[in-house]
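Below is one structure, written out as structure tokens; the observations come after it.
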Amino acid sequence: MIPLAKPDISAKEIKGVVDVLESGILSLGQKLKEFEQQFSAVIGTSFAVGVNSGTSGLHLCIKALGIKDGDEVITTPFSFVASANCILYERATPVFVDVEEDTFNINPDLIEKAITPRTKAILIVHVFGQSCDMDKIVEIARKHNLKIIEDACEALFGSYRGRNIGTFGDAAVFAFYPNKQITTGEGGMIVTDNKQIADYCRSAANQGRSSNLQWLTHDIIGYNYRMDEMSSALGLAQLSRIDSISGKRRMIAEHYIRELSSIPGLILPKVYPESQSGWFVFAVRTRAAIRDNVIRKLQEKGIQSKAYFYPCIHLQPAYIQLFGYQEGMFPVAEKLSKETMVLPFYTALEEKDILAVKQALTESMAELQG
Ligand SMILES: *Cc1c(COP(=O)(O)O)cnc(C)c1O
């Protein structure tokens, strides 16, 4: 069976975690600080705050920007549910804006129509690692005095016009679940150039404690969103290998594109010269009528694949129940969610695996399209 994802764990990661275990310092130690310092250097931000998941990081960003009951946050319905849930945690309202078919990302030309006097921020998601259209989004945010949160949980190694994803918003969040580009088991990282946001997040992740007596000593209610030392050591070892990991992922994506481009009826991810994808997954599209059957046929041939993201966030049962959303409200996102599937994608994927995926897809598509 060729799996969908597999973390790239070398002897270095194992030694890093074992060293922490042997040191006896399992939380609130030096490894987290080192991981934060090195991560902010890699992205190019002044600050980085490690947390125990991408979702926790997004939640803290919402809080750090003062988003609260009655506020609205513009975001995308085509994403993993955490990017909208974090808005609901603070009783603010996610206002969905449909996406662009080619990039899977929020359509900047539809954002202004969704702005109301209650809009506080735009929470963008760089879906599958491909950057949103940041020139337009930054301009809209400036014009309307809105904050930007980048959900960069899928976008490590991605860039837009030569600038790293994660450096455009007031804050950005990366995630390290085992299927992401690098992993800490569970974990996430907030990056920002804003010291107040960084200080708030660092304190709130650690029960509202202050590291500096002048900073909100008593009046913030914090959480336990801390990243432990084993996770931090794992992240540090992964970070030391990012050139190899990102290079392999990019090569595999290019290899897939070369091999799969001749399969009739299969739409491959678009590659944009001005913005390098972070290659979180390798997502392809088929006609909606056959997508689930293609997935089933691949499974029978020993190849894992998955509908991604299905359903859209607004059509998740919890959202239908809360807001009464219906099919047809965000037609492009809904179409993509019925057509898109992700293929096995990880650094240990070999040429023979790619060829096996190609053969299985070619046969399955031919059978289903008649
Ligand atoms: C992975 C992911 C997250 C965060 O996930 P965690 O499991 O909480 O680390 C958030 N948003 C998107 C779009 C993601 O893909």
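Read-outs: derived from the displayed coordinates by stated rules, not from any lab. Note that the coordinates shown come from a computational prediction; the quantities given were computed from them, not determined experimentally. Note: ideal-geometry Cβ built from the backbone for every residue, glycine included; neighbour counts use all protein chains shown.
Values for this structure:
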item: Entries in K6/K195; K63/K270; K136/K270; K113/K180; K270/K335 that, when Cα-Cα distance is taken, lie over 24 Å; result: K6/K195; K63/K270; K113/K180
item: Cα-Cα separations in the chain greater than 39 Å, expressed as whole percent; result: 16 percent
item: Under Karplus coefficients 6.51, -1.76 and 1.60, residue-wise ³J(HN,Hα) of segment 14-20 in Hz, glycine/proline x; result: 5, 5, x, 5, 5, 4, 5
item: Per-residue ³J(HN,Hα) for segment 173-183, Karplus 6.51 cos²θ - 1.76 cosθ + 1.60, θ = phi - 60°, Hz, x for Gly and Pro; result: 10, 10, 10, 10, 4, x, 8, 7, 4, 10, 10
item: Spin-label pair H255/A114, simplified geometry with 7 Å Cα→Cβ offset, distance in nm; result: 3.7 nm
item: Long-range amide H partners of A171 with built H, under 5 Å; result: I148, E150
item: Expected 222 nm ellipticity per residue - DSSP helices of 4 or more, -39500 (n - 2.57), all of the chain, to 500; result: -12000 deg cm²/dmol
item: Under 19 Å from the Cα of K358 - aspartates and glutamates, other chains or at least 8 residues apart; result: E254, E259, D292, E300, E339, E350, E367
item: Karplus-derived HN-Hα couplings along segment 242-250 (A = 6.51, B = -1.76, C = 1.60, θ = phi - 60°), whole Hz, x at Gly and Pro; result: 5, 5, 5, 5, 5, x, 5, 4, 5
item: Cα gyration tensor of segment 270-370 - equivalent ellipsoid semi-axes, whole Å, descending; result: 27, 18, 13
item: Long-range HN-HN contacts of S27 with modeled amide H, under 5 Å; result: E229
item: Label-point separation, D243 to D292 (7 Å along Cα→Cβ), nm; result: 4.7 nm
item: Formal net charge of residues neighbouring A92 (Cβ-Cβ distance under 11 Å; K, R +1; D, E -1); result: +1
item: Using a Förster distance of 41 Å, the FRET efficiency for Q321-K270 (Cβ separation, nearest 0.05); result: 0.70
item: Estimated translational D of segment 47-165 in µm²/s (Stokes, Kirkwood radius over Cα pairs; 4 °C; 1.567 mPa s); result: 91 µm²/s
item: Charge sum, other residues only, whose C-beta stays under 14 Å from G70's C-beta, Lys/Arg counted +1 and Asp/Glu -1; result: 0
item: Amide N of segment 232-261 lying under 16 Å from the label point, which is placed 7 angstrom from the Cα of D353 along Cα→Cβ; result: 245-257
item: Charge context of E13, other residues only, Cβ under 13 angstrom, K/R +1, D/E -1; result: +2
